[in-house]
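To start, the structure itself, in structure tokens.
Each reported figure results from applying straightforward, stated rules to the coordinates on display, with no laboratory input. Remember, predicted model here, so these are calculated numbers, not experimental data. As a convention, Cβ positions derive from the backbone with ideal geometry for all residues, glycine included, and neighbour counts pool all protein chains shown.
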Amino acid sequence: MNTTECLNGELRPGDLVISTPDDEYACLVGTVLVINKAGSPEHDAETDNPGDDVHVNFMDSDYSERRVREIEAMFSELYGDTKRFGECPIDDAIMAPDTLIRITGIGRDELFVILESEADAAAFCKSVTDGLTSLSFTPSKDDRLLTHAEKALDEPDAGEDARTAALRERLMERLDDNFHSYIDYLRDLEDTEIIDSPLEISARTGTYFYLTTIHNFHASELEYLLKFENPLRVVADEFEWDAATDNRSDIMWKVFHEQEAFKNGKHTLEPEPPKGWLIGTTDDSDGFYIPNAAHIQRDDSLFIYPDDDAAARAAEKDGVRLIYGMPFVPDGVYIDTPENRDAIANHFEQHRLSLPAEPAFVQALGDRLDDNFASYKDEMLRLEKTHIFNDAAEIAAVQQAYGYFRDEHHYTTGQAEFLLKLENPLELMSDRWGDGIGSVRDVVKAVFDDQERTLRGGSYTLLSDDPAPDAARTAVKTGEKPSVMEQIRQAAKEARERPTILKDSQARNKSGPDL
């Protein structure tokens, strides 16, 4: 297997890499396919490059939609012709080693960031190359130039950020615990049993020394080993199986590249840290959330996140898709699955009267109030001036009620339908306004309280055939914009027509619709 030296160490086929920002193929993420050494027949048959050729597949990375557009623009400019992503020649790009940074084993969050945009990828590359600056080539005692990796062995903390240092400290503590537990285990064995275990003992002790004293860890390697309760055994098992080789770097490459410890079932994983967020549902129609709709909320037993919004953003980073753009549903709160959208749509269907009134209903009610107010003014103007003076309080109540209910009040569907059953809804409004109830909120409550009693009481004339709501519904159906319920049903339908992303997981202080 051919290898070469990239910007941050040895590179092999199968490694994950990112290209540097100053290359023509800038900030692309891909997998090394083949390395052709300079001077080899394979190399000379393809290029006349003076150095090694590294074949990389940049096509299969999970780029964001934004990054795909950036790549299309980059290659369109490079080739002077419009290029779609599938037309970009990046499935087998030949790269120089010094244009590549090895990122094998990179953490999921970091990988997500560098696949999001060119700017994020460039910032990541800069952070790596800045870290390498302090590891530049320097003469050793025998006048030989040290590689970055070799210099890092002598100065293990050089260029190490606080996060990597914290990971290293955690791993060292766990390796110490693993090793001391192993020594205690050996003390309990019979002499004959110890004599029969030379390879295991040699591998375990040699691995402990190598990991705690010699190996220069990348952050991704630290993260990988910390997934296990006994990382010492994870590596020692490979040392034992490959006892015939003295090349520890090959063994470590196999540990981190093949990650066999995940597959063979021999090693106990360290329990995953708690997520800090939960998926919750409620059957309380008077609560903050839509009943029976799954939503994200903070795990209040842990307080990892300051609030429910932060918990929801964390859930999205963990792969949970949340609903955005659904009418009357707050963005980024509810799980985006077809079943959840159906539950929300069904809830609104059952509580249609509590939804904001359609524009056509509001228009029909506004026209009715205009007619009522015009008729009232005509009636007042026919009175003698003394009567008008005596009715000043009533006139003021009518004007104030008309002004508020005509232009300021936000009607629900139920409120609009109720008022449109009255021939003169302004009469009811002004009566309640003139009762001296108090605040506008109290007036509104008095107008809409006990609607059935108002309709049956005989104090206010009803329309016999109630034509206005039908006219409003017709206007809604024939208008350009679909009704609210139609928008909600359509949003639920669209969810059923696309794939769902929802990871297994395990309550929120944010109100849903005010029903």
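Worth pointing out:
- Shape call, the range 162-262: gyration tensor on alpha carbons, a/c limit 1.5: oblate
- Here the range 4-147 is assigned +1 on the Cβ of each Lys and Arg and -1 on the Cβ of each Asp and Glu. Its dipole about the Cα centre then comes out at about 440 debye.
- Take the Cα of residue 281, step 7 Å toward its Cβ, do the same at residue 60, and the gap between the two points is 3.8 nm.
- Distance between modelled label sites at residue 324 and residue 250, nm, 7 Å Cα→Cβ extension: 5.0 nm
- Spin-label model distance (nm) - residue 375 vs residue 399, 7 Å beyond Cα toward Cβ: 2.2 nm
- Leading residue at positive end of dipole, the range 162-262 (Cβ point charges), from 231, 197, 219: 219
- Chain lengthening between residue 33 and residue 461 when straightened (0.36 nm per residue, less Cα-Cα): 145.7 nm
- FRET efficiency for residue 193 and residue 260, using Cβ-Cβ distance with R0 set to 22 Å, rounded to 0.05: 0.25
- Placing +1 on the Cβ of every Lys and Arg and -1 on the Cβ of every Asp and Glu, with nothing else charged, gives the range 162-262 a dipole about its Cα centre of roughly 620 debye.
- Peptides ranked, highest mean first, by Cβ atoms within 10 Å: ranges 46-52, 212-218: 212-218, 46-52
- Label-reachable residues, the range 434-463, where backbone N falls under 19 Å from a point 7 Å from residue 389's Cα toward its Cβ: none
- The string of couplings for the range 337-342 from the Karplus curve (6.51, -1.76, 1.60, θ = phi - 60°) is 10, x, 5, 5, 5, 5 Hz, one whole number per residue in order, with x for Gly and Pro.
- Of 126/317; 37/227; 37/317; 37/83; 421/445; 377/445, those spanning more than 29 Å from alpha-carbon to alpha-carbon: 37/227; 37/317; 37/83
- For residue 33, residues with placed amide H under 5 Å, excluding near neighbours: 14, 55, 56, 57
- A straight chain from residue 452 to residue 302 at 0.36 nm per residue would run longer than the Cα-Cα distance by 49.1 nm.
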